[in-house]
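No value in this document is a laboratory result; all are computed from the given coordinates. Remember, it's a predicted structure, so these values are computed and weren't measured experimentally. Here the Cβ is made from the backbone with ideal geometry for all residues, glycine too, and neighbour counts use every protein chain on show.
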Amino acid sequence: MSAVSEVTGRYIDLYKENIERLTDLSSPYINSFRQEAIEKFTELGVPTRKDEAYKYTNLNVFFDHEYKSLFMPVESDFAKAEEFRCDVADLDAQGIVLLNGFYPTLNGKLHRFPNGVWIGSLNEAAVKFPELVEKHYARYAQSEKDGLVHLNTAMASDGVFIYVPEGVHVAQPVQVVNLVQADGDIFNQHRNLIIAEKDSEFTLIICDHTLSPGKFLTNAVTEVFVGENSHFDLIRVQNEHNTACKISHTFIHQEKNSVASSNNMTLHGGLIRNSTYHHLGGERAESNSYGLFLGDKFQHIDNFVNVDHAFPNCTSNQLFKGVLDDVATGAFNGRILVRPDAQGTLAYQRNSNILLTDDAKMDTKPQLEIYADDVKCSHGATIGQLDNESLFYLQSRGINKREARLMLMFGFAHEVIQNIKIEALRERMDNLVMQRLRGELSRCASCMVKC
Amino acid sequence: MLVIDNLKVAINGKNILKGISLTVKPGEIHAIMGPNGSGKSTLAAVLAGRELGEVTGGTVTYYGKNLLEMAAEDRAKEGIFLGFQYPIEIPGVSMVNFMKTAVNEHRKHKGLGPLSASDFLKLMREKKELVEIDSKLANRSVNEGFSGGEKKKNEIFQMAMLEPKLAILDETDSGLDIDALRIVANGVNKIKRDDNSFIVITHYQRLLDYIIPDVVHVLYDGRIVKTAGKELALELEEKGYDWIKKEVENNILV
């Protein structure tokens with residue numbers, strides 16, 4: 001084993017200091033993974049730029065820092081979190097607020113809805129539904145190479161659990177709001193498990209917010225099982241402040257004939273890394289991976305996508321677009337793996353970026369590994385400026401240059417937004433993106449939390 | 001309304017316009033014809049405010065103001081409209097949003113408040129009928145996926161929405177079949193009033209069967225080499241441009 005770096009050592013120490021408390025708080029099944037996971041983390045460490053998958057992202061800025069050790073919120077904080085309402089006009093969603101990675105303790109921790117859907121705390125579900133959790137937990141987050149996934153498995157104790165039974169079409173989306181709020185600098189991890197059984201339909205919205213100005217580091221893992229013939233949509237809206245770092249690893253496993261989409265909308269945040277893993281684990285499955293990111297000042301946004309075509313006749317699409325201003329930086333890494341048996345694969349990838357200044361920087365890297373021969377794959381990446389011809393066209397109709405630039409940026413971004421199927425959310429995203437492009441957005445405009 | 005006096009423009013050090021003089025009065029339709037590469041589109045672009053070269057001499061005065069000092073958007077708000085030879089596709093920007101922004105910018109310039117949503121839609125509907133543009137086109141992104149004819153009709157539609165004082169149509173007829181040509185020309189004729197003017201740039205005489213010009217100019221090698229009434233267009237259609245070229249060369253020799 002190679003020497004453990006100082007940064008990695010911090011988190012191993014954090015584990016050692018808190019493992020007893022963590023074990024007490026968590027269910028035995030979740031605890032059973034910790035030892036092996038911390039060993040793997042010790043071996044792999046906090047990723048550095050020497051790791052191919054983190055080549056363009058320097059995590060040390062946030063990882064090499066003294067954070068308050070694991071933080072279990074108190075009742076009064078939860079009461080405040082429960083007051084939080086995201087009032088996206090007309091968005092009829094079942095809302096859940098996670099505070100610093102913990103499911104609220106008030107009013108019970110696991111709820112059954114009339115259609116048979118269960119929503120609640122993962123920790124609670126592991127006790128109540130051991131067979132379900134054992135079937136799916138830590139099955140899809142199998143990244144051998146990313147130490148941070150193992151760090152999450154080693155230390156996470158709670159998060160959201162959602163179970164959609166066979167044949168249930170959930171009309172109302174579920175919205176999980178991740179709030180981070182603390183007096184000091186904190187590090188938190190949560191773990192979500194979403195199970196959509198066969199023939200089901202389900203939409204999940206995850207909003208990442210920070211509410212107080214400290215330095216925050218979040219390392220979250222979400223595992224999703226999408227059963228045969230099921231439809232699953234994930235929309236992630238990230239709106240955090242400049243001293244917050246959000247690392248989210250999302251693993252979507254699909255069975256045959258299923259359709260799953262992931263849409264990462266990054267509006268604001270200091271350092272954001274989204275790793276999205278799509279595993280096409282059955283024939284004729286379809287996956288869509290979308291992303292829009294808007295960065296300015298010193299922000300850094302890194303999207304890493306891994307699409308694994310493990311079965312024949314599956315389709316995948318990747319569309320990621322970014323607008324970077326000031327000295328913001330971004331990275332896109334899109335991997336398409338077509339395994340030897342995955343004949344009849346269709347896989348597409350596109351990444352387009354606009355740099356508004358000479359100092360903004362974007363690294364983009366397609367990575368296609370194709371081991372089957374009957375395959376149609378395409379990829380394309382562009383990095384450019386706003387088109388002068390288009391600008392003149394708008395100006396020639398009387399629209400001033402500033403407004404014309406905004407319209408073009410908005411149009412560029414809208415191609416990603418239009419993939420959101422829920423109209424109210426799509427319109428809200430249009431508005432938020434416009435506000436963001438105008439430089440007016442610090443957080444969702446109608447956020448109820450006053451702080 | 002518009003006085004161009006000895007205008008000279010160079011692009012990348014090459015002289016494209018070599019001294020153009022032209023006066024347009026309210027209510028007039030001027031046709032500018034000429035072979036490829038003579039500078040017609042450059043003239044249109046320079047009048048509309050496209051920054052594509054260097055003005056090396058001459059002046060352009062529009063209602064007493066120095067037009068060349070005005071930004072493209074200000075020229076538009078003062079009533080200049082350019083119908084593009086190749087209209088630009090702008091994905092993600094809806095026609096409605098585009099036109100609403102443009103119309104309200106024009107209104108603001110005139111000291112008027114923005115149109116209400118219903119008034120705006122009513123205006124859109126009226127103008128769409130005027131140019132026989134398909135209703136669905138207005139719900140799409142600007143020019144995205146439009147056919148050549150639809151793009152040109154869309155230019156006329158935008159012109160109808162913005163009601164310019166001086167419209168410059170840059171080869172609006174190119175690539176149009178005879179039906180689309182008639183629709184475009186009818187649109188222009190419906191917009192035409194006693195106090196607004198047109199500069200119609202075209203290769204062919206056929207557009208001028210529908211839009212009757214008061215004056216026809218021939219632009220060749222960066223200069224207006226001939227100006228006459230509408231009968232000049234017919235003569236050009238019949239004889240081509242060679243005789244004009246010869247005349248010019250002879251004049252230079254003389």
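Would you give the gap between the C-alpha center of region A:335-385 and the C-alpha center of region A:110-162, rounded to a whole Å? Here the two parts' Cα centres lie 31 Å apart.
Peptide B:88-101 has a mean of 5 when you count, residue by residue, the C-beta atoms of other protein chains within 10 Å of its C-beta. Over the residues of chain A, the helix contribution to mean residue ellipticity at 222 nm works out to -7000 deg cm²/dmol, using -39500 (n - 2.57) for each DSSP H run of at least 4.
So in region B:2-253, what percent of DSSP beta bridges are antiparallel if you round to the nearest 5? Spell out each step's value before the answer.
Details: 24 of 41 bridges.
Here the antiparallel bridges make up roughly 60 percent for region B:2-253.
Averaging Cα coordinates gives a centre for region B:212-254 and one for region A:388-417; these two points are 39 Å apart.
Positive contributions from Lys and Arg (+1) and negative ones from Asp and Glu (-1), summed over other residues with Cβ under 15 Å from the Cβ of B:L130, come out at +4. Shape class of chain A from the alpha-carbon gyration tensor: rounded, with the ratio a/c of largest to smallest axis under 1.5.
Ignore the peptide's own chain and count Cβ atoms of other chains within 10 Å of each Cβ in B:72-78; give me the average, rounded. Mean partner shielding for this stretch: 6. Strictly over 31 Å apart at the Cα level, which of A:K376/B:K136; A:K215/A:K361; A:K361/A:K401 would you flag in this model? Table pairs above 31 Å Cα-Cα are A:K376/B:K136.
Ranked by the mean number of other Cβ atoms within 10 Å of their residues, highest first, the peptides B:152-160, A:415-423, B:199-207 come out as B:152-160, B:199-207, A:415-423. At a Cα cut-off below 19 Å, give the lysines reachable from B:K14, other chains included and same-chain residues fewer than 8 away excluded. Excluding near neighbours in sequence, the set is B:K40.
Which of the peptides B:38-50, B:214-226 is most tightly packed, and how do the rest follow, going by the mean number of other Cβ atoms within 10 Å of each residue? Present the calculation step by step, with values, prior to reporting the outcome.
Details: B:38-50: 22.1, B:214-226: 20.2.
Averaged packing, sorted descending, gives the order B:38-50, B:214-226.
Couplings 3J(HN,Hα) of region B:154-171, computed from phi: 5, 4, 5, 4, 4, 4, 4, 5, 9, 6, x, 7, 9, 9, 10, 9, 8, 6 Hz, in residue order, whole Hz [Karplus 6.51 cos²θ - 1.76 cosθ + 1.60, θ = phi - 60°; x for Gly and Pro]. Peptide A:376-389 has a mean of 1 when you count, residue by residue, the C-beta atoms of other protein chains within 10 Å of its C-beta. Do any of B:K122/B:K153; B:K65/B:K230; A:K50/A:K421 go past 28 Å between their Cα atoms, and which? Among B:K122/B:K153; B:K65/B:K230; A:K50/A:K421, the Cα-Cα distance tops 28 Å for B:K65/B:K230; A:K50/A:K421.
Just to verify a number: FRET efficiency for A:R112 and A:T23, C-beta to C-beta distance, R0 = 25 Å, to 0.05?
0.35
Placing unit charges on C-beta atoms (Lys and Arg positive, Asp and Glu negative, everything else neutral), compute the dipole magnitude of region B:2-253 about its Cα centre in debye, rounded to 20. Walk me through the intermediate numbers first.
Values: 34 positive and 36 negative charges, 111 e Å.
The calculation lands at about 540 debye.
Take every Cα pair under 8 Å whose residues are at least 6 apart in sequence, average their separation, divide by the length of chain A, and the relative contact order is 11 percent. B:A180 sits among other residues whose Cβ lies under 13 Å from its own Cβ, and their net charge, with Lys and Arg +1 and Asp and Glu -1, is -2.
Hey, which of these cross-link pairs are over 28 Å Cα-Cα: B:K8/B:K77; B:K77/B:K152; A:K198/A:K365? A:K198/A:K365, as the Cα separations exceed 28 Å there. Please state, as a whole number in µm²/s, the translational diffusion coefficient that the Stokes-Einstein equation yields for chain B at 10 °C and 1.306 mPa s, with Rh defined as the Kirkwood radius across alpha carbon pairs. Here the translational diffusion coefficient equals 84 µm²/s. Within the straight-line cut-off of under 18 Å between alpha carbons, the aspartates and glutamates reachable from A:K297 are A:E240, A:D325, A:D326, A:D358, A:D359, A:D363, A:E440, sequence neighbours fewer than 8 places apart in one chain being disregarded.
Among the DSSP beta bridges whose two residues both lie in the protein assembly as shown, what percent are antiparallel, rounded to the nearest 5?
Details: 32 of 184 bridges.
The antiparallel fraction comes to roughly 15 percent.
The calculated FRET efficiency for the pair A:Q435 and B:L130, based on their C-beta separation and a Förster distance of 22 Å, comes to about 0.05. The phi-based Karplus calculation (6.51 cos²θ - 1.76 cosθ + 1.60; θ = phi - 60°) puts the 3J(HN,Hα) values of region B:138-150 at 5, 8, 9, 5, 3, 6, 5, x, 6, 6, x, x, 5 Hz, whole numbers, x for Gly and Pro.
Would you calculate, for chain B, the mean residue ellipticity at 222 nm contributed by helices, counting each DSSP H stretch of 4 or more residues as -39,500 (n - 2.57) and dividing by all residues, to the nearest 500? Write down the numbers at each step before the final one.
Numbers: 8 runs with 94 residues, N = 254.
Value at 222 nm, helices only, nearest 500: -11500 deg cm²/dmol.
How high is the FRET efficiency from A:K297 to A:K376, r the C-beta distance, R0 45 Å, rounded to 0.05?
Numbers: r = 40 Å, r/R0 = 0.90.
For A:K297 and A:K376, the calculated efficiency is 0.65.
Per-residue Karplus couplings for region A:296-306, computed as 6.51 cos²θ - 1.76 cosθ + 1.60 with θ equal to phi - 60°, are listed in order as 9, 6, 9, 5, 9, 10, 10, 10, 10, 10, 10 Hz, Gly and Pro entered as x.
Cα centroid separation, region A:1-46 to region B:64-141: 61 Å.
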